[in-house]
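Structure first, then comments.
Any read-out appearing in this document is the output of simple, stated calculations on the displayed coordinates, not a laboratory observation. Since the structure is predicted, the reported quantities are computational estimates derived from the model, not experimental observations. Using ideal geometry, Cβ is built from the backbone for each residue, glycine included, and neighbour counts are taken over all protein chains shown.
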2 protein chains.
Amino acid sequence: MRVPILVYHERAADKYAAFLTAHGCTQVYTAANGEEARTRLAETPIEVIYGYGFPLDAIAASNTVRWVQLMSAGVDAVLRQGRLPSHITLTRMLDVFSRPMAEYAFAYLLHIEKEIDRLREQQVSNTWKSFRAGVLHDKTIGVAGLGSIGQDVVKKARAFDMTVYGMSRSGAQSATVDRHFTPDLWLDFVKELDYLVLTLPLTDKTRHAVNESVLGAMKRDAILVNVGRGALVDERALVSALRDRRLRAAALDVFEVEPLPSDSLLWTLSNAYVTPHMSGPTTVENAGQYFLDNLKRYEQGLQLPGVVDWETGY
Amino acid sequence: MRVPILVYHERAADKYAAFLTAHGCTQVYTAANGEEARTRLAETPIEVIYGYGFPLDAIAASNTVRWVQLMSAGVDAVLRQGRLPSHITLTRMLDVFSRPMAEYAFAYLLHIEKEIDRLREQQVSNTWKSFRAGVLHDKTIGVAGLGSIGQDVVKKARAFDMTVYGMSRSGAQSATVDRHFTPDLWLDFVKELDYLVLTLPLTDKTRHAVNESVLGAMKRDAILVNVGRGALVDERALVSALRDRRLRAAALDVFEVEPLPSDSLLWTLSNAYVTPHMSGPTTVENAGQYFLDNLKRYEQGLQLPGVVDWETGY
């Protein structure tokens, strides 16, 4: 494949580029920062950018770029920079992260229900003491965001014999859930939930969607899992709800500011499970294979999956 | 329902009896030990026994008992006592424990793969450090025992996009798995597995089925989950495999001797997860409802589910 490609990654551009070269791409360039990107785009007729994030303004140095493939499912950080001219297609990654992220959600729901921490403490103290652990079956889970990640959560929830509610803007996947809600009905959506899993994109409309009133409408023994974006949740309101036990627990892989500031109370709350944005890992292989598949479609003039809509913001 | 019923439970016979009375049974008696059971059976024309375990020899005091419903899925402890006359039906519980036990298996597989203990330690030390956690998808799971518990493990494994191998004596459910093995092929069964989940009954043929040579045939990074019976596994061989890291980890809810003796090395091995036989909890409600459903079938002369075969031992 002879299309000139610029691989953009602040730490590992060489590795991502090497994967492409090893799989038949003959014109692969790299950049690790905006300066290198601008220089390369000024010197070389780059047609495709494959990047983990990208400084959009650097594209002004090129009149050959036609397609930017991001190595992430979330594109809020890139979209905050502004907008690309309409002849350039911006795509995000679909499906690549769905399964590990859905696994993360169930890992924590099960961890909390089965009280594995308590069992581990019993083991350390040589204590044989049975108790009634919780179960997932017959509980109600709400999945906010029914894209590829949300759909995989729905699929697993079915296997755990749960009732499944879903929320999405478009309602395109509403047939896959028992009840579907649009974003104007957050309070109705959450009030019966035992578990709420956030897989939404971050946009102007979803920012702080889970605010004090939504948290207040949730059941006191509900569990929140956020694998979407930190700013979907009003973190101050969440800290307060967790501290006052108005919410049972939260498993959080994303935060309003990352890394999570060391003075955040989330670090210290025993019912907050803090993980360092790792539930949907990008690897050279999974991202690379996704990009190569798309590159073939691009070369054949086929429609690309994951084209970002600048209006909706994902 | 006017059938005379004896509820047998060493600690909570009254509670189990109260549930039956509240649901329309008019002749309900209780016994908490063999002596009480013998006395009651000598005095009252008991027709049905509903018990968590039962001293079979006490039935000699009665010539009216026709059916014994046990409150457990495993019946090895009762069968070890001997045999009932052929006009008395012995049934075990099916399905009641399947979902919590399958949840237990996935709780620990996910806990171990996602390294939740390590993440918890990072949180306690205020450390934001990403790493690549493991995934379940595309792994191979082996389910030994394809009864109602094993079938629920299979169902969930499908939702996690795993390859599923199964082992059973009869092969009746072999169509539900990708490859089926009979018990003469343990070494072939285990050698490709990433996870082995034991849901087998304990019989003369399954005792120590997972012995040193089976453990030796397993992959070094495989995980064992035992929710069946402790004696399915040669515990000495397991301790040695875990200690030498010839097996990655084991989540064990059942043991050769329960409570697990305080000097067992399993308590202290960091890659052994010891839980106090609680993965499939019997409750007054779930066991009671199961019994009532069966009692209706009994009164109507219908076939009962879970009839124990004295030859196969389950």
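Phi-derived couplings, Karplus 6.51 cos²θ - 1.76 cosθ + 1.60 at θ = phi - 60°, listed residue by residue for the range B:204-218: 4, 7, 9, 4, 6, 4, 8, 9, 4, 6, 5, 4, x, 7, 7 Hz, with x used for Gly and Pro.
Of the complete DSSP H runs in chain B, none spans 24 angstrom or more by Cα along the long axis with a mean Kyte-Doolittle score not below 1.0. The order of A:Ile88, A:Ile46, going from fewest to most other C-beta atoms within 10 Å of their C-beta, is A:Ile88, A:Ile46. Charges were assigned to the Cβ only: +1 to each Lys and Arg, -1 to each Asp and Glu. The resulting dipole of the range A:20-94 about its Cα centre is roughly 200 debye. Its residues counted as N, the range A:1-156 yields a C-alpha radius of gyration over 2.2 N^0.38 Å of 1.50.
Report, please, the projected area of chain A averaged over directions, based on the convex hull of its C-alpha atoms, in nm².
Mean shadow area of the hull around the Cα atoms is 18.1 nm².
In a reduced charge model with +1 at each Lys and Arg Cβ and -1 at each Asp and Glu Cβ, the range A:98-274 shows a dipole moment near 340 debye about its Cα centre.
Using +1 at the Cβ of each Lys and Arg and -1 at the Cβ of each Asp and Glu in chain B, identify which of B:Ala107, B:Thr283, B:Trp67 lies farthest towards the dipole's positive end. Going by the charge dipole, the pick is B:Ala107.
The spacing between the range A:123-174 and the range B:175-246, judged by their C-alpha centroids, is 29 Å.
Take the Cα of A:Ala42, step 7 Å toward its Cβ, do the same at A:His23, and the gap between the two points is 3.2 nm.
Measuring from each Cβ of chain A to the axis carrying A onto B, the nearest residue and its distance in whole Å come out as A:Ala159, 2. Annotation: the antiparallel percentage among DSSP beta bridges lying fully within chain B is about 0. Projecting the Cα positions of B:Phe97, B:Leu224, A:Val257 onto the charge dipole of the protein assembly as shown (unit charges on Cβ atoms of Lys, Arg, Asp and Glu, taken about the Cα centre) puts B:Phe97 furthest along the positive direction.
Computed from label points 7 Å out along Cα-Cβ, the spacing between A:Ala32 and B:Asp263 is 5.9 nm.
Simple rule: put +1 on each Lys or Arg Cβ and -1 on each Asp or Glu Cβ in the range B:98-274, find the dipole, and look at B:Val190, B:Gln123, B:Leu146; the Cα lying farthest toward the positive end is B:Gln123. Each label point was placed 7 Å from the Cα along the Cα-to-Cβ direction; for B:Val3 and A:Asp178 their separation is 3.2 nm. Backbone phi angles across the range B:162-169, fed through the Karplus curve with coefficients 6.51, -1.76 and 1.60 (θ = phi - 60°), yield HN-Hα couplings of 9, 7, 10, 9, x, 10, 7, 5 Hz in residue order; Gly and Pro are listed as x. Think of it as helices only: each DSSP H run of n ≥ 4 in chain A is worth -39500 (n - 2.57), and spread over all residues that comes to -9000 deg cm²/dmol at 222 nm.
Listing B:Met167, A:Met278, A:Met101 from the residue with the fewest other Cβ atoms within 10 Å to the one with the most, what is the order?
Fewest to most other Cβ atoms nearby, the residues stand as A:Met278, A:Met101, B:Met167.
Oblate is the label for the range B:98-274, because the ratio a/c of its alpha-carbon gyration tensor axes (a ≥ b ≥ c) is 1.5 or higher and a/b is not greater than b/c. In this structure, the pairs whose alpha-carbon distance is over 21 Å, taken from B:Lys114/B:Lys191; A:Lys155/A:Lys205; A:Lys155/B:Lys129; A:Lys219/B:Lys156; A:Lys155/B:Lys219; B:Lys139/B:Lys219, are B:Lys114/B:Lys191; A:Lys155/A:Lys205; A:Lys155/B:Lys129; A:Lys219/B:Lys156; A:Lys155/B:Lys219. In sequence order, the range B:73-80 has phi-based couplings of 7, x, 10, 4, 5, 6, 5, 5 Hz under the Karplus curve 6.51 cos²θ - 1.76 cosθ + 1.60, θ = phi - 60°, and Gly or Pro positions carry x. Less than 5 angstrom separates the built amide H of B:Val225 from those of B:Leu196, B:Val197, B:Leu198, B:Ala251, all sequence-distant by 5 or more or on a different chain. Placing +1 on the Cβ of every Lys and Arg and -1 on the Cβ of every Asp and Glu, with no other charges, gives chain B a dipole of roughly 500 debye about its Cα centre.
Only lysines eight or more places from A:Lys296 in sequence, or on another chain, were considered; those with a Cα closer than 23 Å are A:Lys15.
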